[in-house]
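Reading through the structure tokens given below for one structure.
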Amino acid sequence: MEILQNLHSYLAYIVLLVIIFAVFNALMGWTGKRDFTMHKDLRISLFALILSHIQLLIGLIVYFVSANGLKAIQTLGMGGLNAPARLLALEHPLTNVLAIVLITIGWSRHKRFVESDKKFKTITIFYGLGLLLILSRIPWAQWFN
């Protein structure tokens, strides 16, 4: 169990960096009126999508087997959770699932467009919103201890 929690924690740094890079790349492509390329832009966005899904799967496993996830809600009830416990048991997983849904929607929608500016705009908006949600519910206190 500890191995999965550590993997989830350390992979989060890589996933964040890749999503930030994907958002920045898409924003620069959109504002710079670049052509969307399969070699660079598609791969960056796809890599961010794949890594975020891997992170989600590991996180879901941790959620269902960890004492800080579903078991905390079952043991203490919703009213018994303090703020840090509520963050780990409810807010972090729910918000990150929504974030990955937004990233997935952005990936799916960008494929519908032929125009590069629409592709970049879609990735910028949806990946960017997903990134903001992820950043809003990271258990920062645990990361910096």
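All of the numbers you see were taken from the coordinates with simple rules; none came from a lab. As the structure is a computational prediction, the values presented were derived from the model and not from experiment.
Remarks
- Between helix 2-31 and the chain: long-axis angle, C-alpha atoms, 0 to 90°, nearest 10: 30
- Degrees between helix 92-110 axis and first principal axis of the chain (Cα, 0 to 90, nearest 10): 20
- Spatially, region 1-45 and region 66-145 are offset by 15 Å when compared through their Cα centroids.
- For region 1-107, averaging the sequence separation of C-alpha pairs within contact (under 8 Å, six or more residues apart) and dividing by the residue count gives a relative contact order of 29 percent.
- Lys-Lys pairs in region 2-143 that are eight or more residues apart or on separate chains and whose Cα atoms lie under 22 Å of each other come to 10.
- Helix-only [θ]222 nm of the chain, DSSP H runs n ≥ 4, -39500 (n - 2.57) each, per residue, nearest 500: -24500 deg cm²/dmol
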